[in-house]
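The values are calculated or read from the model by the stated rules, or taken from the named source; none is laboratory data. Computed from a prediction, not measured in an experiment: that's the story for all the values here. Here Cβ is always computed from backbone atoms with ideal geometry, including for glycine, and neighbour counts include all displayed protein chains.
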Amino acid sequence: MYKWFKVALVLGIMVFGLGALAQEKVVLSFAYPTWFTDYPRFLNWYIPAFERYMEARGTPVEIEVMELPAPDDPYREATLLRLAAGTHADIFADDTFYIPADALAGYLLDLTPYVEKWPEWKFWVPAAKDAITFQGKVWGLNRDTDVRPMYYRKDIFELAGLPVPWQPTSWDDILEAARTIKAKRAEIAKALGVSDVIPVAFKAGILGGEATTMQGFYMLLLGAGGRLYDAASGKWVAKSSALLDTLKFYHKIYIEEKLSVEPEFWMAGAPVDKIHLYLSNVGQRPNEPALAMLVTWDGVWYDTANPEHERYIPEPPGRDAVLAYCKMPAKEPGAGIRGQDFVTISGGWGMVINAATEHPDIAFEFLKFVHSKGEMLASRIDVPGSIRLPARWDLTEDPVYQKLATPYDIFCATELVPLTTVRPGLTEYPKVSDLVQEATEKILLGEKPEAVLEWYAAELEATVGAENVIELP
Amino acid sequence: MRKRLGSLAILLVPAFVLWAVFMLGPALWGIRLTFTNEALTGPAAKNPQFVGLANYHRLMRDPRFWGSVYRSFIFVSGSAIVGQAGLGLLLAVLTSERRRIWPKVKITGRLATALCWLAWVTPETLIGWCWISFLDYNGVLNQILKLFGLGPVYWMVRYGMLSIILANIWWGTGWSMMLFKAALESIPREVEEAAEVDGASPWQKFRYVVLPLLRRPIFVNVLLITIWTYGVFGLPFMMTGGGPGHRTELMTIYAYKTGFKYFEIAYGTTVSIGILFITLFLALVYHRLLGRRA
């Protein structure tokens with residue numbers, strides 16, 4: 001009897017154990033920028049919904065969230081340290097301009113075989129595909145892209161006697177408006193109840209990080225008809241008149257004419273956050289200045305109408321009464337890249353899979369889930385201003401989606417997208433971007449544009465090799 | 001005796017293993033790293049190559065590294081040698097309980113000692129935040145200046161090096177002061193009394209009696225704080241991040257940036273080895289000086 005009891009016990013344990021094994025969940029970890037507007041949506045919707053979806057399909061999955069530091073630079077540092085140590089999340093978000101370097105480092109799973117088998121891949125627009133493709137292989141999936149408009153403050157323009165709506169057609173138009181505002185700054189500041197009025201700002205300095213390069217320097221460089229990388233020769237541009245014009249413009253607004261914040265502004269604290277707070281200051285922060293013109297990321301339009309965001313413009317007057325947008329002009333009409341009158345540039349993040357993951361198939365299931373048309377549409381409805389420029393054309397053409405489009409979304413999609421370009425998708429780009437940031441800081445510190453360009457050319461040569469640089473007229 | 005040595009060796013094993021795993025191992029790994037082109041991203045992250053002495057060649061010809069060596073030298077001279085050691089000695093003499101300079105010195109002296117000591121035992125990050133909130137554009141100093149209709153000034157940008165030197169003096173003076181105080185107390189009373197009998201003025205007594213007797217503690221202290229200060233990273237990094245430009249980029253900050261901003265981990269380690277050699281060289285110089293004086 002006792003013997004049978006023991007046998008039964010052992011059998012029981014075995015059955016129970018096997019059952020537990022079969023029930024054992026696959027655990028995947030996931031890292032996403034916590035400062036993104038849709039981060040809560042991942043926590044509250046995507047992850048539980050995906051877990052339910054997989055449970056129903058008979059493969060229980062648990063997604064663990066790995067929280068990384070914010071914003072971009074600390075996130076990047078944490079990402080790379082974890083990748084190098086082999087402890088990073090199975091699925092994570094990577095700014096698309098890092099994809100080439102990370103793919104070559106062997107950190108990313110090549111998704112080409114996965115997307116080829118996925119019937120929905122054909123809906124990706126070519127520009128979106130380009131952002132996540134490197135050396136002919138696909139390394140991630142993206143939901144949307146972005147563009148950069150120029151924002152201006154209608155209330156400040158009106159107080160300065162400038163026309164509203166406004167669309168500058170040259171750098172001189174921007175400078176002229178800035179001079180007009182500067183002449184009346186004390187008066188306007190008093191009327192608005194702010195400490196001062198800053199006419200214009202272009203992101204600059206080392207602390208600005210990638211924002212300096214992409215939303216400051218690049219927006220000017222493209223308008224001067226230049227690029228950092230010359231695709232025709234396959235070389236990095238060490239010198240060009242466009243580079244010099246860009247540096248000169250920085251010098252003009254920060255040093256020569258002092259049409260912007262003090263140069264030191266960009267070298268202390270968190271200047272990129274602060275400059276956005278200046279743009280949205282309508283008197284709710286009386287000890288801080290208000291900013292009249294800024295080129296920045298297109299999502300700012302939604303941040304300034306979101307009461308939970310620190311950039312919120314309170315009502316009254318509210319965003320629509322004070323903030324407006326226009327296209328960033330080239331130096332002169334037709335002087336931009338491809339002979340354009342106006343310019344902009346696109347970037348965006350991709351979701352990638354760690355090459356070291358033990359469950360690549362399930363990780364790709366998660367990517368498919370998040371990037372499905374239905375989920376993207378639901379996200380668009382839930383999070384105002386998200387997925388404005390979808391990577392999938394079937395979403396763009398969806399009637400429900402189209403009904404959600406605001407005039408601003410239509411402006412971005414129809415006026416800016418045709419003008420846009422991207423940063424060079426090359427391993428060396430992040431390093432070149434660091435040099436650009438340093439070059440703008442040198443201007444801020446009072447160095448002459450010509451001298452800064454000499455410095456840039458020498459440093460670029462040291463960074464990418466003398467055989468990989470070119471001097472253009 | 002032999003048996004005792006044997007058991008001693010056994011007892012040392014756990015400590016040695018810990019030291020080997022957490023100190024020696026990483027150090028050797030670091031040295032190995034400097035002969036490769038290992039990076040945290042890009043092709044070199046996947047297939048690091050052995051590059052021989054290329055990193056050291058680059059270090060020798062790297063103007064940014066030598067610039068950081070120069071700035072570290074300024075930082076150490078200003079904050080450790082002149083500031084902490086000089087001010088520490090002054091404070092030690094002023095607050096010395098044996099030679100009261102003015103009657104109330106006992107209370108104020110003890111208070112000053114306690115305050116300096118308090119600063120020294122405060123964690124680096126806290127000191128960093130204190131100084132940032134003091135010197136920041138919206139900080140206390142500018143608020144005070146505003147009352148007089150002055151400023152505001154971006155102190156840490158415009159006077160970056162001075163800011164981090166002052167902060168480091170503030171942080172570290174307590175140590176030198178305590179060390180010098182202890183040394184002062186250890187000088188035999190009779191020596192000073194003899195000088196007084198010979199009619200020496202207080203200054204002469206200090207210059208010709210006290211100071212020579214303090215020579216050894218001063219040398220040891222300067223050696224210690226020089227080495228420590230060359231290694232300081234957190235406080236200046238928090239305050240200025242090496243900026244503006246590279247104007248406050250000390251050797252340690254440059255090593256950090258190479259490794260964790262530019263993700264060139266092999267070269268960053270090489271910079272650290274460079275720092276090691278420079279501090280080692282200085283330690284040797286001090287050691288020789290100390291030996292000669294003694």
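Out of the stretch B:76-97, which residues are out of contact with any helix residue (DSSP H, G or I) (no Cβ under 6 Å at 6 or more places or on another chain) and farther than 21 Å from B:TRP117 by Cβ?
Answer for the stretch B:76-97, where residues must be out of contact with any helix residue (DSSP H, G or I) (no Cβ under 6 Å at 6 or more places or on another chain) and farther than 21 Å from B:TRP117 by Cβ: just B:SER77.
Keeping to the stretch B:37-56, report how many residues are away from chain A (no Cβ under 14 Å) and either of a type in the set (Phe, Trp, Tyr) or on the phi < 0 side of the Ramachandran plot (or both). Steps first, answer last, please.
First, pick out the residues of the stretch B:37-56 that are away from chain A (no Cβ under 14 Å): B:50-53, B:55-56.
Now narrow it down to the ones that are either of a type in the set (Phe, Trp, Tyr) or on the phi < 0 side of the Ramachandran plot (or both): B:50-51, B:53, B:55-56.
Matching residues across the stretch B:37-56 total 5.
Looking only at residues in the stretch A:435-449 that are more than 21 Å from the chain's Cα centre (by Cα), touching a residue at least 60 places away in the same chain (Cβ under 8 Å) and more than 8 Å from chain B (Cβ to nearest Cβ), which one is surrounded by the most Cβ atoms within 10 Å (Cβ to Cβ)?
The qualifying residue surrounded by the most Cβ atoms within 10 Å (Cβ to Cβ) is A:ALA439.
Taking the condition of being without any contact (Cβ under 8 Å) to a residue 60 or more places away in the chain and either within 24 Å of B:PRO43 (Cα to Cα) or within 12 Å of chain B (Cβ to nearest Cβ) (or both), how many residues in the stretch A:44-82 meet it? Before you say what the answer is, go through the steps one by one.
Step one: of the stretch A:44-82, the residues without any contact (Cβ under 8 Å) to a residue 60 or more places away in the chain are A:44, A:47-48, A:51-52, A:55-58, A:60, A:62, A:64-71, A:74-82.
Now restrict to residues that are either within 24 Å of B:PRO43 (Cα to Cα) or within 12 Å of chain B (Cβ to nearest Cβ) (or both): A:74-82.
Counting residues in the stretch A:44-82 that are without any contact (Cβ under 8 Å) to a residue 60 or more places away in the chain and either within 24 Å of B:PRO43 (Cα to Cα) or within 12 Å of chain B (Cβ to nearest Cβ) (or both) gives 9.
State which residue pairs qualify: first residue more than 8 Å from every other protein chain (Cβ to nearest Cβ) and closer than 20 Å to A:GLY223 by Cβ and inside the stretch A:422-434, second residue hydroxyl-bearing (Ser, Thr, Tyr) and assigned to a helix (DSSP H, G or I) in any location, beta carbons under 7 Å apart, and separation of 6 or more residues or different chains.
A:ARG423/A:TYR429; A:VAL432/A:THR463; A:SER433/A:THR213
Which residues, counting only those in the stretch A:204-262, are within 14 Å of another protein chain (Cβ to nearest Cβ), closer than 19 Å to A:TYR98 by Cβ and either more than 18 Å from the chain's Cα centre (by Cα) or charged (D, E, K, R) (or both)?
A:GLU210
Could you figure out which of (1) touching a residue at least 12 places away in the same chain (Cβ under 8 Å); (2) closer than 29 Å to A:VAL295 by Cα; (3) within 14 Å of chain B (Cβ to nearest Cβ) isn't true of A:PHE157?
Every condition holds for A:PHE157 apart from (3).
Could you please tell me which pairs satisfy a Cβ distance under 7 Å, a separation of 6+ or placement on different chains, a first residue in the stretch B:236-251 that is away from every other protein chain (no Cβ under 11 Å), and a second residue that is basic (Lys, Arg)?
Every condition considered, the pairs that remain are B:LEU250/B:ARG71.
Kindly evaluate A:ASP110 against the criterion of being in a loop (DSSP other than H, G, I, E, B), surrounded by 12 or more Cβ atoms within 10 Å (Cβ to Cβ) and modelled with pLDDT of 95 or more. So that I can check it myself, show each step before the final result.
Values: in a loop (DSSP other than H, G, I, E, B): yes; surrounded by 12 or more Cβ atoms within 10 Å (Cβ to Cβ): yes; modelled with pLDDT of 95 or more: yes.
Yes: the conditions hold for A:ASP110.
Need pairs with beta-carbon distance below 8 Å; first residue without any contact (Cβ under 8 Å) to a residue 12 or more places away in the chain and under 18 Å from A:THR427 (Cα atoms) and within the stretch A:83-109, second surrounded by fewer than 22 Cβ atoms within 10 Å (Cβ to Cβ) and among the hydrophobic types (A, V, I, L, M, F, W, C); sequence gap 6+ or separate chains.
none
Table: residues versus (1) more than 20 Å from A:MET328 (Cβ to Cβ); (2) modelled with pLDDT of 95 or more.
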| site | (1), (2) |
| --- | --- |
| A:VAL383 | yes, no |
| A:ARG388 | no, no |
| A:ASP409 | no, no |
| A:VAL417 | no, no |
| A:VAL436 | no, yes |
| A:GLY465 | yes, no |
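Look through A:PHE42, A:PHE30, A:PHE5 and report the one residue that is of a type in the set (Phe, Trp, Tyr) and either modelled with pLDDT under 90 or part of a loop (DSSP other than H, G, I, E, B) (or both).
A:PHE5
Anything in the stretch A:198-234 that is among the polar types (S, T, N, Q), over 24 Å from A:TYR75 (Cβ atoms) and surrounded by 24 or more Cβ atoms within 10 Å (Cβ to Cβ)? List them, or say none. Let's see the steps before the verdict.
Of the residues in the stretch A:198-234, the ones among the polar types (S, T, N, Q) are A:212-213, A:215, A:233.
Applying the additional criterion that residues be over 24 Å from A:TYR75 (Cβ atoms) yields A:233.
Within the stretch A:198-234, no residue meets the criteria.
Does the stretch B:113-153 hold any residues that are more than 12 Å from chain A (Cβ to nearest Cβ), in a helix (DSSP H, G or I) and aliphatic (A, V, I, L, M), and which are they?
Once the filter is applied, which keeps residues that are more than 12 Å from chain A (Cβ to nearest Cβ), in a helix (DSSP H, G or I) and aliphatic (A, V, I, L, M), the stretch B:113-153 yields B:ALA114, B:LEU115, B:LEU118, B:ALA119, B:VAL121, B:LEU126, B:ILE127, B:VAL140, B:LEU141, B:ILE144, B:LEU145, B:LEU147.
Please tell me if B:SER186 is closer than 30 Å to B:LEU211 by Cα, among the polar types (S, T, N, Q) and either more than 14 Å from every other protein chain (Cβ to nearest Cβ) or surrounded by 12 or more Cβ atoms within 10 Å (Cβ to Cβ) (or both).
In short, yes.
Would you pick out the residues in the stretch B:228-255 that are assigned to a helix (DSSP H, G or I) and either closer than 17 Å to A:LYS431 by Cβ or out of contact with any helix residue (DSSP H, G or I) (no Cβ under 9 Å at 6 or more places or on another chain) (or both)?
The one that is assigned to a helix (DSSP H, G or I) and either closer than 17 Å to A:LYS431 by Cβ or out of contact with any helix residue (DSSP H, G or I) (no Cβ under 9 Å at 6 or more places or on another chain) (or both): B:TYR254.
Grab the helices (runs of 4 or more DSSP H) fully contained in the stretch B:25-97, keeping just those with 2 or more residues being within 30 Å of A:ALA355 (Cβ to Cβ) and modelled with pLDDT under 90.
Helices (runs of 4 or more DSSP H) meeting the threshold: B:43-46.
Name the residue that is nearest to A:LEU175 (Cα to Cα), counting only residues in the stretch A:263-300 that are out of contact with any helix residue (DSSP H, G or I) (no Cβ under 9 Å at 6 or more places or on another chain) and free of Cβ contacts under 8 Å to residues at least 40 places away in the same chain.
This residue is A:LEU277.
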